[in-house]
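Participant: Starting off with a structure, shown below.
Just so you know, all these numbers are worked out from the coordinates, no wet-lab data involved. Please read all numbers here as calculations on a predicted model, not as lab measurements. Using ideal geometry, Cβ is built from the backbone for each residue, glycine included, and neighbour counts are taken over all protein chains shown.
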Amino acid sequence: MWKNDKGFTLIEMMIVLFVITILLLITIPNVTKHQSSISSKGCEGLENMVQAEIQAYQIDHNKLPTSISDLKGGYLKEEPVCPDGRKIIVRDGEAVIQ
């Protein structure tokens, strides 16, 4: 009567949950350990993007922008802010993380 029942037993489900838990315990510390590196790389990428917009502004207007507000509208939608909260400013025609 019980021989044709199909499904997972409680032991099988517990083993699967145990394996998933072990994988999560291995993965989560590695991600949090590299969070500062990820944040700094994101800020460097944003700085490079703003530098490219400065060059585009210079090509279009034959002069360097004096501040981020010169880039707003046509080149940047909003003031660039790094994932860690630092701002990017324009200083002497270069994008600088403040």
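Participant: Once every DSSP H run of n ≥ 4 in the chain is given -39500 (n - 2.57) and the sum is divided by its residues, what mean residue ellipticity at 222 nm do you get, rounded to the nearest 500 deg cm²/dmol?
Facilitator: Details: 3 runs with 55 residues, N = 98.
Result for the chain: -19000 deg cm²/dmol, rounded to the nearest 500.
Participant: Take the Cβ-Cβ distance between Asp84 and Ile11 as r, set R0 to 35 Å, and report the resulting FRET efficiency rounded to the nearest 0.05.
Facilitator: 0.15
Participant: Still on this model: Against the longest principal axis of the chain, how steep is helix 10-33, in degrees 0 to 90 to the nearest 10, with axes from Cα atoms?
Facilitator: The angle comes out near 20 degrees.
Participant: Calculate the radius of gyration of the Cα atoms of the chain to one decimal place, then report Dmax, the largest Cα-Cα distance, as a whole number, both in Å.
Facilitator: 25.6, 87
Participant: Still on this structure, I have one more. Within the chain, count lysine pairs with alpha carbon atoms under 19 angstrom apart where the residues are 8 or more positions apart or belong to different chains.
Facilitator: Details: Lys33/Lys41; Lys41/Lys87; Lys63/Lys72; Lys72/Lys87; Lys77/Lys87.
Taking the Cα cut-off of 19 Å, the pair count is 5.
Participant: Report the residue, chosen from Gly73, Gly85, Gly45, that carries the largest GNM mean-square fluctuation when the chain is represented by alpha-carbon nodes joined by springs under 10 Å.
Facilitator: Gly73
Participant: Could you pull out the chymotrypsin sites (Phe, Trp or Tyr not before Pro) across segment 1-66 that fall in loop regions by DSSP (anything but H, G, I, E, B) with no more than 11 other Cβ atoms inside 10 Å? Display every interim value, and only then the final one.
Facilitator: On the way: sites: Trp2, Phe8, Phe18, Tyr57; in loops: Trp2, Phe8.
Listed in order of number, the matching sites are Trp2, Phe8.
Participant: In nm, to one decimal, how far is the modelled label at Asn62 from the one at Phe18, with both set 7 Å along Cα→Cβ?
Facilitator: 7.6
Participant: Could you give the angle, 0 to 90 degrees to the nearest 10, between helix 35-61's Cα long axis and the longest principal axis of the Cα atoms of the chain?
Facilitator: The answer is roughly 30 degrees.
Participant: Counting Lys and Arg as +1 and Asp and Glu as -1, each charge on the Cβ, what is the dipole of the chain about the Cα centre in debye, to the nearest 20?
Facilitator: Numbers: 10 positive and 12 negative charges, 76 e Å.
It comes to approximately 360 debye.
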